[in-house]
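Working notes, structure below.
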Amino acid sequence: MKPLVELAQVIRTKNAGPYELTLDIIFKDRDGYERVKRSNSLNAALIARLYGVPEQDILEVVYFDPACAFKATMKRPLPCGDLGERDIYGAQQHAPLLDLWLPWGDEDEGS
Amino acid sequence: MKQMVLLSPTAILGYGFPAGSFENGLSCGPHVIAVDAGSTDPGPYYLGSGKSFVPRGAVKRDLTFLLRAARTLRIPLLIGTAGGSGARQHLEWCREIILEVAREEGLSFRMAAIPADVSKQYLAEALRQGRVSPLGPVPELTEEIITESTNLVAQMGVEPLIEALDGGAEVVLAGRCYDPAVFAALPIKEGFDPGLALHLGKILECAAIAAVPGSGSDCMIGLLEESRFLVEAASPKRQATVASVAAHTLYEKSNPYLLPGPGGILDLHGTSFRQVTGRRVAVEGSRFRPVSPYTVKVEGARMIGYRVVSIAGARDPRFISALEEILAGVRERTEDNFSSERRRFSLNFHVYGRDGVMGKQEPRPEPGHEVGIVLEAVAETEELAEAVCGFARSTMLHFGFPGRLSTAGNLAFPYSPSDFKVGAAYVFSVHHLITLAHPREIFPVSFEEVRS
């Protein structure tokens, strides 16, 4: 297993319009990116679990090769600026990703 | 070889740029200066209220540089989404600043203004005709929501901008506008590939955010050719790299391969990014796929009342561990006290140091040794909002809970007065697509001669 923070150079969230939140993980190098992409360990089910939302609220999940990046877009819990809003820009919703560990093909190590 | 040079001074008009970078940009011989002035990111207040989210003085500073340079080089200056949200008040606000700069600098030019407002009547008619559809996970649009909205704007594509340029405009001031359109209009008019022109515009609209180190307040240069474009930062301290430019393609978008806009989709499945020098990236293969009928995005906001907030801290561990029950108790007391007006207000709490940023989605909702509490009341009248916020604040201050030792007061207020009138509160009301008879249908172009 590898901590995501060791593999990524950017982990961020931001509004994609007032009704959607988009999450970008840009990897440090192509090897790490390709390994994660092959395993598909970053996926809609995982994002839904981390954010405690139903999987159908994850609207798009895509690996973007030119930027060595994974992107997931989800329905915002509230439209931007509605009553109860906590993060107008959606720029501080990335914390659940910071503690994430991903399979690295070494799961049996040390056993 | 056919080539066009585009200068993007800053990510948002009013965010500023170093004079040296701007000079570097001008020395590349730009054919056009274009700047995006807007965003929905700062929330519904600005569209709803008709106010700018960038200060006037900052916009005037940038416009002074841009107008002076554009008139000296005799190249067009295009400004998109005037005033931040691109409604009529925003357009007029920006127009007055332009006229003031022209007077002070002794500049003369032909200016086109292109409002992007959608009348309530027009949108309601379009809704009845089935020409309106939701854009993403958006509530159903009703005529009631349309009536309640204060401002409704549509996002124009390149076509109205091209009409303005064809009419001889030297400065084009557009209302709500697709961000890349101000960059792509002149190239498309001159016969460049729309896919490349729009993709270049996508990258340039945030200026040096697409460089490393990134910055929203520094200039970026685009060189458009027949089958590719190049981007570079104007400042020698920044570089455009494949990683920075490709990464920017992700920014604030749902899907980086398919970028929908007015009248079609920018398709990046075939796009390649290549480092051609240490500071310059070449991009090719981006395609624009027109979609029929021509659709544009409509945005609206409506007022929901008046907001009053109070800010306080708490340091007592017993108070903090009983906080959930205390907040429930304060809510219950407040709702009971104003029970006859229950439907006319709402009360919200934000607890910083616990889950103030993420709410229910917070993976670690354990409070720290102190917490910050924001009490927020939104009500139909400012008087009621003040009354609700004040009542909730004083109730929380003196709220009795089991095990309480500090009977003088539960809250630490940093300010007197403790409550703040925020003013009118707005929410987004419309985020829909509308089909048009033709791309210029609701974007009338008017011209004026500015003489100094």
- [ ] Can you pull the one-decimal nm distance between simple spin-label points at A:Glu107 and B:Ser339, each 7 Å off the Cα toward Cβ?
- [x] 5.8
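For each of B:Lys297, B:Lys120, count neighbouring Cβ atoms within 10 Å of the residue's Cβ, then give the residues from fewest to most. Please list the in-between numbers first.
On the way: B:Lys297 21, B:Lys120 15.
By the 10 Å Cβ count, ascending: B:Lys120, B:Lys297.
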TODO: Specify the inter-centroid distance of region B:243-261 and region B:19-40, based on alpha-carbon positions, in whole Å.
DONE: 22
Task: region A:35-55 versus region B:157-200: alpha-carbon centroid distance in Å - done: 40
Task: region B:279-287 - phi-based ³J(HN,Hα) in whole Hz, Karplus 6.51/-1.76/1.60, Gly and Pro as x - done: 10, 10, 10, 9, 10, 9, x, 6, 10
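How big is the shadow of the Cα convex hull of chain B, averaged over all directions, in nm²? Walk me through the intermediate numbers first.
Numbers: hull surface 99.1 nm².
Dividing the Cα hull surface by four gives the mean projection, 24.8 nm².
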- [ ] Put one equal scatterer on each alpha carbon of region A:26-80, apply the Debye formula with no solvent term, and list log10 I(q)/I(0) at q = 0.12, 0.15, 0.26 1/Å to two decimals.
- [x] -0.30, -0.46, -0.99
Open item on the list: Taking R0 as 30 Å, what FRET efficiency do you get between B:Arg61 and A:Tyr89 from their Cβ-Cβ distance, rounded to the nearest 0.05?
Closed with: 0.80
Task: With Cα atoms, 0 to 90° folded angle of helix A:30-39 axis to chain A main axis - done: 80
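Across peptide A:47-53, what mean number of C-beta atoms from other chains lies inside 10 Å of a residue's C-beta? Let's see the in-between values first.
On the way: counts 0, 0, 0, 2, 4, 5, 2.
If you average over the peptide's residues, the count of other-chain Cβ atoms is 2.
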Open item on the list: As a footprinting exposure proxy, order B:Tyr15, B:Tyr415 by other Cβ within 10 Å, with the fewest listed first.
Closed with: B:Tyr415, B:Tyr15
Task: Value at 222 nm in deg cm²/dmol, rounded to 500, when DSSP H runs of n ≥ 4 in the protein assembly as shown each add -39,500 (n - 2.57) - done: -8500 deg cm²/dmol
- [ ] Would you please give the FRET efficiency between B:Arg404 and A:Val5, computed as 1/(1 + (r/R0)^6) with r the Cβ-Cβ distance and R0 = 45 Å, to the nearest 0.05?
- [x] 0.60
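By counting other Cβ atoms within 10 Å of each Cβ, how are B:Lys202, B:Lys51, A:Lys14, B:Lys360 ranked from fewest to most? Please report the intermediate quantities before stating the final value.
On the way: B:Lys202 24, B:Lys51 15, A:Lys14 21, B:Lys360 11.
In order of increasing Cβ crowding within 10 Å: B:Lys360, B:Lys51, A:Lys14, B:Lys202.
Mind pulling the per residue volume of the convex hull built on the Cα atoms of the protein assembly as shown? Å³ is fine.
Numbers: hull volume 98.5 nm³, N = 563.
Per residue, the Cα convex hull of the protein assembly as shown comes to 175 Å³.
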Task: Given charges at Cβ of Lys, Arg, Asp, Glu: region B:316-411 dipole, positive-most of B:Ile373, B:Thr395, B:Leu323 - done: B:Leu323
Open item on the list: Using the Cα centre of region B:33-169 as the reference point, and only Cβ charges (+1 on K/R, -1 on D/E), how large is the resulting charge dipole? Debye, rounded to the nearest 20.
Closed with: 540
Open item on the list: What lysines does B:Lys202 reach when the alpha-carbon gap must be under 20 Å and sequence neighbours fewer than 8 apart in one chain are set aside?
Closed with: A:Lys14, A:Lys71, B:Lys189, B:Lys253, B:Lys297
Task: Size of electric dipole in the protein assembly as shown: Cβ of Lys, Arg +1 and of Asp, Glu -1, about Cα centre, debye, nearest 20 - done: 780
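Can you tell me the mean projection area, over all orientations, of the convex hull of region B:105-209's alpha carbons? Units nm², please. The partial results should precede the final answer.
Details: hull surface 39.6 nm².
Dividing the Cα hull surface by four gives the mean projection, 9.9 nm².
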Task: Label zone at B:His269 (point 7 Å along Cα-to-Cβ), backbone N below 19 Å, region B:284-311 - done: B:284-292
- [ ] Using Cα pairs closer than 8 Å and at least 6 residues apart in sequence, work out the relative contact order for chain B, in percent.
- [x] 20
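For region B:316-411, just run the numbers: alpha carbon Rg, then divide by 2.2 N^0.38 Å, N being how many residues it has. Mind dumping the intermediate values first?
Numbers: Rg = 13.9 Å, N = 96, 2.2 N^0.38 = 12.5 Å.
Computed over Cα atoms of region B:316-411, the ratio equals 1.11.
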- [ ] Work out from phi, with θ = phi - 60° and the Karplus expression 6.51 cos²θ - 1.76 cosθ + 1.60, the ³J(HN,Hα) of each residue of region B:348-359, listed in order in whole Hz, and give x for Gly and Pro.
- [x] 10, 10, 10, 10, 7, x, 10, 8, x, 8, 10, x
Open item on the list: On a full-extension model of 0.36 nm per residue, what is the gain between B:Val422 and B:Lys237, subtracting their alpha-carbon distance, rounded to one decimal in nm?
Closed with: 62.5 nm
TODO: Could you let me know the centre-to-centre spacing of region B:349-376 and region B:42-78, using Cα atoms, in angstrom?
DONE: 37
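What length, rounded to one decimal in nm, is gained on full extension from B:Glu190 through to B:Glu325, with 0.36 nm per residue of separation minus their alpha-carbon distance? Mind showing how you got there, number by number?
Numbers: separation 135, 0.36 × 135 = 48.60 nm, distance 6.65 nm.
Taking B:Glu190 through B:Glu325 to full extension adds about 42.0 nm, to one decimal.
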Task: Rg(Cα)/(2.2 N^0.38 Å) for chain A, N = residue count - done: 1.11
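All of the numbers you see were taken from the coordinates with simple rules; none came from a lab. Please read all numbers here as calculations on a predicted model, not as lab measurements. Here the Cβ is made from the backbone with ideal geometry for all residues, glycine too, and neighbour counts use every protein chain on show.
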